[in-house]
Amino acid sequence: MSDTVRSDRALLLQAQADGKTMSAYVKLSGPGWLQSATTLGGGSLAGSLFLGVLGGTSLLWLQIVAITMGVVMLSAISYVTLSTGRRPFDAINKEINPALGWGWLIATAMANMIWCMPQYSLCYDALDKNLATLGGGTGLGDSVVAKSLVTACIFSAAGWIVLLNVRQGKAAKFFDHFLKSLIAMVVVCFFGVAVLLISQGQIDLRLTLTGLIPDLSQWRMPTGELRDVVDRMSPDASAFWTERLVASQRTVMIAAAATAVGINMTFLLPYSMIARGWDKPFRGLARFDLATGMAIPFVLVTSCVVIAASASFHNRIDDKLASSELEQMQTSPIFDAIKPALLSRVETALADESQQTDERTKLALVAALPTEEKRVAAALVKRDAFQLSQTLAPLLGDTNAKLVFGLGVFGMGFSSIIILMLINGYAFREMVGSPEGTLPFVAGVLVAGLSGASWVWLWSGGAKFWLAIFASTFGMMLLPIAYITFFLMMNSKRILGDDLPTGIRRWIWNLAMGISVAGALAAAYTAIADKANDANQPAAFPTVVSLLVIYGGAVLFGFWHRLKHEKQSSPS
């Protein structure tokens, strides 16, 4: 035990004895902030933007529910880890099923290496489109040389910061303070925008607060301002757009229920606590850390992004798109994105005549559609943070908009890169069976960082699609399996011994975990169903099903082998 760990334990035990744990908790917090840096990445940003575009502030409650479900499962993971003092990978392999352990590890490493790529891309875009254009700059450009140089700088900086975490003393403290400062910067940037929008009357505060209340009718009905818009349409138009809106709402609701916590986050938490020397006395601190270091920043940032996106895009279209003149409408910046949905609406109205109608005539009918239908169609188009900063420039000022969104988006991407590299270091240690090994840790960090740096060449076109298929779908399939695994561990007397929750505590744990597992299963089902319905990529569904069948077979074999071994080793 290092002097730092001994000192932290003494501080915590003394605070618990004195009944004054809060100050000790604040001082010793850390793993929860690592989780925050992981979840506040490009995926959370894109998801929050789409929530605001689609439902305005009426879908704010989703983020709170999503992160609550995630915190429940991560709290269970921390309870098992700190109660037993065992490394989860080893415990799962020996006590439950090695296929579950190795699947968890491989999915984690895969997610780290692949999802590092869009974080580098996000950082580059923040510099290119926002920060490098301040003061009249023209940005960094789209050349491979520029992207490679910036990527090399980001990789070097992130790698150096990650390696500080393996050192004790001041270096590790610097890592903690740097990460907390980075997350604080992200929170301040987006929180400031939301406060300004509300103070200037751009957002109805009453409706915003109402959006924090769960509304399950959004599963079957349009939400936000678009509900009234659709209700005022003709029956045919209302039925068409209701189906489209509700389908998108269901997808985003299910995804939000599970994607606040990714498969690699379930790996990071126990190993970051073990690395700090935490054990049973730290269980209360672990829950506090997840609530304050992970949940609160996540809710603040994602809610503020939803609010900003709602003010800019929900039930709003530009004058060009609203025009009934086709030539004028085609100059709208989102025309290409909105065109398929509007063409589908026209073809549905034409029915049998659609086959005999040429595209030019269909486009003319698209332009003649009522403005209300165009507003609804625009809500189905995903936007990015740079479109949002441009939209809010008249309100914030061009310089302030670029600075705030540039810093916020860069901070999200850079913090995610750091943590993905860190997780991969822990994963490589487990992969080679060297829990304290420096060499495998450094190798894992470098592999994730270099894999992410390859975004310049790989994160585009067909390669991007297949990488995303393997990372997101396989990770989504493994997330409920990881949840179920820890659910089993939380109910295992053999693993927890006297620390197994009993009575009402056990009922509460199981109910909360059961809801989280159900959400993860629903998200996994949706991910697979989306691939089945993807007409543009017909090979995606067979690929996903093949992965599922192969892995499912490995899990069944693992359980069969374990039962066989137990029968052979048990006394006759």
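The values are calculated or read from the model by the stated rules, or taken from the named source; none is laboratory data. The shown structure was predicted, so the numbers you read here are calculated from the model rather than taken from an experiment. With ideal geometry, Cβ positions are generated from the backbone for all residues, glycine too; neighbour counts draw on all protein chains shown. What goes into the accessible areas is simple: the full protein's heavy atoms, side chains included, and nothing from ligands, DNA or RNA. Shrake-Rupley method; radii C 1.70, N 1.55, O 1.52, S 1.80 Å.
Inside segment 414-460, residues that are assigned to a helix (DSSP H, G or I), more than 18 Å from residue 122 (Cβ to Cβ) and open to solvent by 20 Å² or more (accessible area, probe 1.4 Å) make up a count of 10.
Scan segment 104-120 and give yes if some residue there is part of a helix (DSSP H, G or I), hydroxyl-bearing (Ser, Thr, Tyr) and more than 25 Å from the chain's Cα centre (by Cα), otherwise no. No, segment 104-120 contains no residue that is part of a helix (DSSP H, G or I), hydroxyl-bearing (Ser, Thr, Tyr) and more than 25 Å from the chain's Cα centre (by Cα). Of the set (1) of a type outside the set (S, T, N, Q); (2) part of a helix (DSSP H, G or I); (3) at pLDDT below 85, all apply to residue 534 but (2). Looking at this structure, is residue 233 within 26 Å of the chain's Cα centre (by Cα) and at pLDDT 85 or above? For residue 233, the condition - within 26 Å of the chain's Cα centre (by Cα) and at pLDDT 85 or above - is not met. In segment 325-372, which residues are assigned to a loop (DSSP other than H, G, I, E, B) and without any contact (Cβ under 8 Å) to a residue 60 or more places away in the chain? Answer for segment 325-372, where residues must be assigned to a loop (DSSP other than H, G, I, E, B) and without any contact (Cβ under 8 Å) to a residue 60 or more places away in the chain: 325, 330, 331, 332, 333, 334, 357, 358, 369. If I ask for residues that are closer than 14 Å to residue 150 by Cα and more than 19 Å from the chain's Cα centre (by Cα), which ones from segment 126-137 would you list? Answer for segment 126-137, where residues must be closer than 14 Å to residue 150 by Cα and more than 19 Å from the chain's Cα centre (by Cα): 127, 128, 129, 131, 132.
Can residue 392 be described as in a helix (DSSP H, G or I) and either surrounded by 15 or more Cβ atoms within 10 Å (Cβ to Cβ) or in contact (Cβ under 8 Å) with a residue 60 or more places away in the chain (or both)? Answer is yes for this residue. For segment 59-103, the set of residues classified as of a type in the set (Val, Ile, Thr), part of a helix (DSSP H, G or I) and either in contact with a His (Cβ under 7 Å, 6 or more places away or on another chain) or open to solvent by 10 Å² or more (accessible area, probe 1.4 Å) (or both) consists of 64, 65, 68, 71, 72, 84, listed by residue number.
Can you find even one residue in segment 368-381 that is over 37 Å from the mean Cα position of the chain (by Cα) and open to solvent by 60 Å² or more (accessible area, probe 1.4 Å)?
yes
Looking at segment 485-492, is at least one residue modelled with pLDDT under 90, within 19 Å of the chain's Cα centre (by Cα) and either over 24 Å from residue 95 (Cα atoms) or surrounded by 16 or more Cβ atoms within 10 Å (Cβ to Cβ) (or both)? Taking every residue of segment 485-492 in turn, none turns out to be modelled with pLDDT under 90, within 19 Å of the chain's Cα centre (by Cα) and either over 24 Å from residue 95 (Cα atoms) or surrounded by 16 or more Cβ atoms within 10 Å (Cβ to Cβ) (or both). Does segment 13-32 contain any residue that is in a helix (DSSP H, G or I) and crowded, with 24+ Cβ neighbours inside 10 Å? Yes: segment 13-32 contains one or more residues that are in a helix (DSSP H, G or I) and crowded, with 24+ Cβ neighbours inside 10 Å.
Can you tell me which residue in segment 121-156 is most open to solvent (accessible area, probe 1.4 Å), limited to those that are outside any helix (DSSP H, G or I) and among the hydroxyl-bearing types (Ser, Thr, Tyr)? If we take residues in segment 121-156 being outside any helix (DSSP H, G or I) and among the hydroxyl-bearing types (Ser, Thr, Tyr), then 138 is most open to solvent (accessible area, probe 1.4 Å). Restricting segment 33-58 to residues that are of a type in the set (Ser, Thr, Tyr) and under 22 Å from residue 268 (Cβ atoms) leaves a set whose member that is surrounded by the fewest Cβ atoms within 10 Å (Cβ to Cβ) is 44. Would you mind stating whether residue 548 is within 25 Å of residue 261 (Cα to Cα), open to solvent by less than 20 Å² (accessible area, probe 1.4 Å) and touching a residue at least 12 places away in the same chain (Cβ under 8 Å)? Here the answer is no, as residue 548 does not meet what is asked. Set side by side, the residues 52, 32 differ, and just one is under 24 Å from residue 215 (Cβ atoms) and modelled with pLDDT of 80 or more, which is 52.
If the requirement is being in a helix (DSSP H, G or I), surrounded by fewer than 17 Cβ atoms within 10 Å (Cβ to Cβ), polar (S, T, N, Q) and modelled with pLDDT under 90, which of these qualifies: 248, 217?
Going through 248, 217 in turn, the sole match is 217.
For segment 325-334, the set of residues classified as closer than 15 Å to residue 382 by Cα and surrounded by fewer than 17 Cβ atoms within 10 Å (Cβ to Cβ) consists of 333 only.
Anything in segment 398-412 that is of a type outside the set (A, V, I, L, M) and buried (at least 24 other Cβ atoms within 10 Å of the Cβ)? List them, or say none. The answer is 402, 405, 406, 408, 411. Close contacts from segment 64-79, counting a first residue that is within 16 Å of residue 271 (Cβ to Cβ) and a second that is of a type in the set (Asp, Glu) and open to solvent by 10 Å² or more (accessible area, probe 1.4 Å), with Cβ to Cβ under 9 Å and a gap of 6+ residues or different chains, come to 79/499.
Mind checking which residues of segment 311-324 are open to solvent by less than 10 Å² (accessible area, probe 1.4 Å) and either outside any loop (DSSP other than H, G, I, E, B) or touching a Pro at 6+ places or on another chain (Cβ under 9 Å) (or both)?
Residue satisfying the conditions is 321 alone.
Among the residues making up segment 115-146, those that are under 15 Å from residue 407 (Cβ atoms), in contact with a Gly (Cβ under 6 Å, 6 or more places away or on another chain) and of a type in the set (A, V, I, L, M, F, W, C) are 122, 123, 126, 131, 132. Considering each of 33, 102 in turn, give the residue that is over 26 Å from residue 511 (Cα atoms) and in contact with a Lys or Arg (Cβ under 6 Å, 6 or more places away or on another chain). Testing whether each residue is over 26 Å from residue 511 (Cα atoms) and in contact with a Lys or Arg (Cβ under 6 Å, 6 or more places away or on another chain) leaves just 33.
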